[in-house]
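Accompanying notes for the structure given below.
Bear in mind that the values in this text are calculations on the coordinates, not laboratory data. The structure displayed is predicted, hence computed values, not measured ones. Here Cβ is always computed from backbone atoms with ideal geometry, including for glycine, and neighbour counts include all displayed protein chains.
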Amino acid sequence: MRRAPRLIGLALALATLAAFSLAVRNTYYYTLVNQIGINIILVVGLNLLIGYAGQISLGHAAFFGLGAYASGILTATYQVDPWLALVAGLLLSGAVALLIGIPALKLKGYYLAMASLGFGIIVYIIFTQLSSLTGGPSGLIGIPSLKIAGHSLNSPQANFLVIWLTVTLILLLSLNIVDSRVGRALRAIHDSDIAAQAMGVNAPRLKLLIFVVSALYASLAGSLFAYASNFIAPSSFGVMFSIKLVTMVVVGGMASIWGSLFGAAVLTVLPEFLAFFHDYEIVIFGLILMLVMIFLPRGLVRGLLDLWEYRQWKQSGKS
Amino acid sequence: MEAVGKILNTAPQDPLLTLHHVSLSFGGLLAVKDVSFTVTVGQIKALIGPNGAGKTTLFNLITGILTPEQGAILFQGQPLQGMAPHAIAARGVSRTFQIVQLFNHMTALENVMVGRHVRTRAGLVAGGLRLPWTRREEAAIRDQADAWLAFVGLGGRGAERAANLPLGHQRLLEIARALATEPRLLLLDEPAAGLDPVETDRLMELIFAIRERGISILLVEHDMSLTMEVADDIVVLDYGSVIAEGPPREVQRNPAVIAAYLGTDWAQ
Amino acid sequence: MEHVTDLLQYLFSGLTTGAIYALIALGFSTIFTASAIINLAQGEFVMLGALAAAGLHRGGLSLPLAFLLAVAGVTLIGLIFERLAIRPARDASPISLIIITVGAAVFLQGLAMLWWGKDAYTLPPFTGARPLSFMGATLLPQSLWIMGLTLLQVLSLEVFLRFSLKGKAMRAAAFNPVAARLVGIRVTHMVQLSFGFSAAMGAAAGVMIAPITMGVYDMGTMLGLKGFCAAVLGGLGSSGGAVLGGLLLGVVEAFTSGLISSGYRDAVAFVILLLVLFFSPQGLLGRRPQRSS
């Protein structure tokens, strides 16, 4: 039923990627677009956790950082193959997610939020303190790029293709998950944890699973980020970035994969294109978070659509 | 409908669910006191009693939301107490809720599809990769859910949002969802609450139809006429203890029961 | 092996920062007592108090006047915040409320940066800068002011909550808003009051600590978070717990920093937070723990 449009969409996406990489020359655009891609991977993963499973994480940047530093350190300092280092990052993040997730996901509401926040801060401090390993606050340099068949993928175009191919695969994977038995179980948990369990859904295990999956997404994004930038610093992995990620999820609409795309893209691009936004970045992020959560808790797109439908309905009532 | 049929492999009249001296207190208040009774295979058993008597607490004990402080709950001979709710569902005990707990953001069909979760297998990776066998399983889930919706009388309403259905249909939907788990024992918590007489009649027919499929029923109800019609056996609870147990006519005449109820709802 | 004087010094500085954490923890506790909300913008009230007072003082106002005006101003901001950001979302899920307060914290911090820039501002200490000496360890007089203020706030809060009608109403409203409304308690008013109190306490704390730590636009984040850790350690909803948690946290932090490593100083609070949340969520003196479903 849905296979044909998906395949067509996939083909279109790949064609667009190829076209872009051939047509566009400006490095700045690549940097920006690559950043969007990285953020999409992060936000989609976080959305699975927040929007679908109904949990909260205010420390997601930690997993992003774990992936980045694992890959960065293994390749820069120990000359490990970048692909292997990427897998190592996944294993590390997954293990940490399991370790933290098991006790944390038993907590409810605020407690979970604060535990995730605390966790994120601890990891950030570790990044700054283990300077012999991580390079400390000034960061880690000399991270090589990914290699395929001996060719180093260090041009903007190459990074672009790697990142956006990953984005495409991640999107496909996530859309499938959401439509699947597991996705349905997640949405059930979100609507009524008790009823879901009464119907045989192992809610604790599923929440933990999604937590680990979202950590893996973040780790993947982190590794790609490290290989594309060839340099990483703790400042990219702090509380502010975790909050930005949550903002992107919220703006895009929780429980909407395409919404995540929108949220990530918009909130990555806006600071770049609006210079005034750049200066007021903190204020505006805070304001957006507040306004969207108060007035459009289903996200910007869904909220505006709801408003539109409401207006249509009101107008038709008048005739 | 082979999709919804189920073959029994225990003989009728065998004990299916047994409560042995189950007790639970909430902060010093004894909510359930030394409760023992049995539901046999193929039986429709009613659990009645004044408000606050401990009926829903018993349901929560049986389905694992609460754990008894004392006593045992056996299902098909195996202990249930201490098991997690989802594991109990896997064993074959399913339920509806006193206040409807539907998955409001999902459609009616999707609600029932969640009921199939416990009998299906597709995991995160398999589902993410959309392997062929998971697609077949999804199609089967969809068909079975459709069948159960039709069985309870909601056929054709699958695409509606659960939250938008009227209460009567929501209660039926909850039943369809519980049935989709292929239970041996179905716990119905006040299924007639808020239903009009026509809907209550249909509910009665549905309860009999469920029993026809070999599913035993334990039902909490306040609607006495429904209870009298439908139940093979009744357990009466008051202040957490069993004060009577037996066929409807007997229980109806029991002076302790009449006293507990202060005379309401016992008109012939 | 460390000198006794060193250990004593750690203790003193620990108690000082501990008293600061206690003040902030009190702010969290008050709002939580009245409304079961965690206000993650609490740290920003502290920051605003410090910067407002510093700015007013630089503008020529005397210290006491700057103190009063700063506290009044921030209280107003707290009340406006409650009215505009919290009240419309009262029935939203806890997660939504958390995100809203996070948004507010970020927003207020951004505003502070725009208004006061990234510079640090000082306030002169209340009674002079000469450190007091005790058995070889030093203690700033300002620290005594801070501890005194903490004590005062805890006592007056406890008296208010336990013995005054309004205070009892506040506790009732948090415990069971529906029942409280039925007996005529205006729950929204109670929540508003609690936000006003917390903002005032936070601002006062900010003015108090500015002479020691200086006021800067991003001081609220860490302070707020650590204050929260202290509140959780002591037990959310308990004023005594807030103070106990704050002092304990300050001391443990100081000793860790002195004896083990100063780089990981900031991590102490959060490690404690995680330990408490994972093993004993009600903290030392708090209510029963929340559990999933």
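Show that you can apply the helix-only estimate: for chain B, add -39,500 (n - 2.57) for every DSSP H stretch of four or more residues, divide by all residues, and state [θ] at 222 nm to the nearest 500.
Values: 10 runs with 99 residues, N = 268.
About -11000 deg cm²/dmol.
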Exercise. Restricting to chain B, what percent of DSSP beta bridges are antiparallel, rounded to 5?
Worked result: 55 percent
Problem set entry | Whole-Å distance, taken between Cα centres, linking the stretch C:261-285 and the stretch B:120-141 | 43 Å
Exercise. Taking the Cα atoms only, what angle lies between the long axis of helix C:4-35 and the longest principal axis of chain C, rounded to 10 degrees?
Worked result: 10 degrees
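Once Rh is set to the Kirkwood radius over Cα pairs, what Stokes-Einstein translational diffusion coefficient, in µm²/s, holds for chain A at a temperature of 25 °C and a viscosity of 0.890 mPa s? It would help to have the intermediate numbers written out before the result.
Values: Rh = 20.4 Å.
Result for D is 120 µm²/s.
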For this session: Please name whichever of A:ILE170, A:ASN154, A:LEU32 sits farthest to the positive end of the charge dipole of the stretch A:3-238, dipole taken about the Cα centre and charges placed at Cβ: Lys and Arg +1, Asp and Glu -1.
Result: A:ILE170
Seminar exercise, completed: Between B:GLN13 and B:SER241, Cβ-based FRET efficiency (R0 22 Å, step 0.05) works out to 0.25
Exercise. Helix A:257-273 sits at what angle to the longest principal axis of chain A, using alpha carbons and giving 0 to 90 degrees rounded to 10?
Worked result: 60 degrees
For this session: Once every Cα of chain C carries one equal point scatterer and solvent is ignored, give the base-10 log of I(q)/I(0) from the Debye formula at q = 0.15 Å⁻¹, two decimals.
Result: -1.16
Exercise. Under unit Cβ charges (Lys, Arg +1; Asp, Glu -1), what dipole magnitude, rounded to 20 debye, does the protein assembly as shown have relative to its Cα centre?
Worked result: 940 debye
Exercise. Taking the Cα atoms of chain B, what is the range of coordinates along each of the three principal axes, in descending order and whole Å?
Worked result: 62, 40, 39
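Using DSSP, restrict attention to beta bridges with both residues in the protein assembly as shown and report what percent are antiparallel, rounded to the nearest 5. Mind dumping the intermediate values first?
Values: 29 of 45 bridges.
Among the beta bridges of the protein assembly as shown, antiparallel pairing accounts for roughly 65 percent.
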Problem set entry | Within the stretch A:3-238: Cβ-based charge dipole about Cα centre, in debye rounded to nearest 20 (Lys, Arg +1; Asp, Glu -1) | 380 debye
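What is the fewest-to-most order of B:LEU102, C:LEU84 by other Cβ atoms lying within 10 Å of their Cβ? Let's see the in-between values first.
Values: B:LEU102 23, C:LEU84 12.
Neighbour counts put them in this order, fewest first: C:LEU84, B:LEU102.
Can you tell me the alpha carbon radius of gyration of the stretch B:33-141 divided by the globular rule-of-thumb value 2.2 N^0.38 Å?
Details: Rg = 17.4 Å, N = 109, 2.2 N^0.38 = 13.1 Å.
That ratio works out to 1.33.
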Exercise. Working out 0.36 nm times the residue gap between C:ILE80 and C:THR138, then minus their Cα-Cα distance, what length gain in nm do you get to one decimal?
Worked result: 16.8 nm
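Neighbouring Cβ atoms within 10 Å as the yardstick, rank C:ASP119, B:ASP238, B:ASP189 fewest first. List each step's numbers first, then the result.
Numbers: C:ASP119 10, B:ASP238 20, B:ASP189 23.
Starting with the residue having the fewest Cβ neighbours, the order is C:ASP119, B:ASP238, B:ASP189.
Dividing the alpha-carbon Rg of the stretch B:162-268 by 2.2 N^0.38 Å yields what? The partial results should precede the final answer.
Details: Rg = 14.8 Å, N = 107, 2.2 N^0.38 = 13.0 Å.
For the stretch B:162-268, the normalised Cα radius of gyration is 1.14.
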Exercise. Put +1 on the Cβ of each Lys and Arg and -1 on the Cβ of each Asp and Glu in the stretch A:3-238; which of A:GLY51, A:GLY142, A:ALA23 then has its Cα farthest toward the positive end of the dipole?
Worked result: A:GLY51
Exercise. Between the stretch A:217-268 and the stretch B:10-47, what's the alpha-carbon centroid distance in Å?
Worked result: 52 Å
For this session: Round to the nearest 10 and give me the degree value, 0 to 90, for the angle of helix A:61-76's Cα axis relative to the longest principal axis of chain A.
Result: 20 degrees
Problem set entry | GNM top mover of B:ILE215, B:ILE48, B:ILE258 - chain B, alpha-carbon springs below 10 Å | B:ILE258
For this session: Per DSSP H run of n ≥ 4, the term is -39500 (n - 2.57); total these for chain A, divide by its residue number, and report the mean residue ellipticity at 222 nm rounded to 500 deg cm²/dmol.
Result: -25500 deg cm²/dmol
Problem set entry | the stretch C:168-293 - convex hull of alpha carbons, volume per residue in Å³ | 136 Å³
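Give the Rg/Rh ratio for the stretch C:37-109, taking Rg as the radius of gyration of the Cα atoms and Rh as the Kirkwood radius, to two decimals.
Details: Rg = 14.1 Å, Rh = 13.0 Å.
We get a ratio of 1.08 for the stretch C:37-109.
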Exercise. Among C:LEU11, B:GLN70, A:PHE237, whose Cα sits farthest toward the positive end of the charge dipole of the protein assembly as shown (+1 at Cβ of Lys/Arg, -1 at Cβ of Asp/Glu, about the Cα centre)?
Worked result: A:PHE237
For this session: Work out Dmax and Rg for the protein assembly as shown from the C-alpha atoms and quote the Rg first, both in angstrom.
Result: 30.5, 93
Exercise. So how do A:TYR217, A:TYR52, C:TYR10 line up by other beta-carbon neighbours within 10 Å, fewest first?
Worked result: C:TYR10, A:TYR52, A:TYR217
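Inside 10 Å of the C-beta atoms of C:30-40, what's the mean count of C-beta atoms belonging to other chains? Kindly include the intermediate steps, with their values, before the conclusion.
Working: counts 0, 0, 1, 0, 0, 0, 2, 1, 5, 0, 5.
Taking all residues of C:30-40 together, the mean is 1.
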